[in-house]
1. Taking 7 Å along the Cα-to-C-beta vector as the label spot, tell me the residue A:3-residue B:42 distance in nanometres, rounded to one decimal.
2. Through the Karplus equation 6.51 cos²θ - 1.76 cosθ + 1.60, θ set to phi - 60°, convert the phi angles of segment A:118-130 into ³J(HN,Hα) values in whole Hz; use x for Gly and Pro.
3. Put a point 7 Å out from Cα along the line to Cβ at residue B:127; what are the distances to that point in the other copies, in nm, shortest first?
4. Beyond 31 Å between alpha-carbons counts as too far, so tell me which of A:121/B:59; A:76/B:112; A:52/B:76; A:76/B:18; A:52/A:112 fall in that bin.
5. For n ≥ 4 DSSP H runs only, could you compute -39500 (n - 2.57) per run for chain A, divide by its residues and tell me the 222 nm figure to the nearest 500?
6. Helix A:51-72 versus the longest principal axis of chain A: what is the Cα-based angle in degrees, 0 to 90, to the nearest 10?
7. Find how many whole Å separate the alpha carbon centroid of segment A:7-63 from the alpha carbon centroid of segment B:22-80.
8. For residue A:10 and residue A:71, what does the FRET efficiency come to when R0 = 22 Å and r is the distance between their Cβ atoms, rounded to the nearest 0.05?
2 protein chains.
Amino acid sequence: MAFTLHPTLAKDSILAAKVGPLQVRLVDDARFFWLLIVPETTATELHDLDEKTSGSLWKLAQHLGHALQSHCDSDKINSAAIGNIVPQLHFHIVARHIGDAAWPQPIWGYGKAEPLADATKAARIEAIQSWLGN
Amino acid sequence: MAFTLHPTLAKDSILAAKVGPLQVRLVDDARFFWLLIVPETTATELHDLDEKTSGSLWKLAQHLGHALQSHCDSDKINSAAIGNIVPQLHFHIVARHIGDAAWPQPIWGYGKAEPLADATKAARIEAIQSWLGN
């Protein structure tokens, strides 16, 4: 079975960069600076990834977490693979601030996304690409 | 500054095993089979771990996720580092089942923990130790 991006992920996020088989996507939600890493695989669990992809995902997650925290001056980075609703493997990296829309609760399933303004979306995508040396 | 286990983690979970500097803890909640990996470090973000500890944590998380899924015949493994309330770095690995107490929502901040019966607690700790070859 070939990889096809899940329609919910396609609707809710924008491809910002590719690192090997890993898509880096920006979630279209102005409440949080929120990234997804989506490996182009049919595996649905982190422990089902091949070792190379798993290692690359972890390395990329650390790199993006660090860059996101510096960029946003965030109080906490939240990282997770959940997938109860969208089973396609996707790893969340979210910048959190004390007093943000959901603080201190997790963001997943919390309230409604607020679409990004075009200028903010473009600026975030540019930032992500710069962190990856693109 | 030396590592001291955060009192909330000490109260809510039980040490089941140690793998190098990584504590494997069982959360005292009968609603879910829920593990924590707590690196004995003062870092609070995954990307602030030294490379060796970070790699060990990731490898252990995959191993425990796989074992937990087999053991519980779970529908999904949820993995996360959040830390908005307890900043000490702790990585969650939780077996989820369709129809469980929080499904399909994330478990963090959801309802109240239900303490484990002694026999269940002992059986879970024994299982964890067996997965680690103890």
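1. Simple spin-label model gives 4.0 nm for this pair.
2. Here the 3J(HN,Hα) series is 4, 5, 5, 4, 4, 5, 5, 4, 4, 4, 4, 5, 5 Hz.
3. Relative to the other copies, residue B:127 has label-point distances of 4.2 nm.
4. Where the Cα-Cα span goes over 31 Å, the pairs concerned are A:121/B:59; A:52/A:112.
5. -10000 deg cm²/dmol
6. 10
7. Here the answer is 20 Å between Cα centres.
8. With R0 = 22 Å, the Cβ-Cβ based efficiency is 0.30.
Taken together, the values in this text are just the output of simple stated rules run on the coordinates, not laboratory data. The structure presented is a predicted model; accordingly, all values stated were derived computationally and were not measured. All Cβ positions, glycine included, derive from the backbone under ideal geometry; neighbour counts span all protein chains shown.
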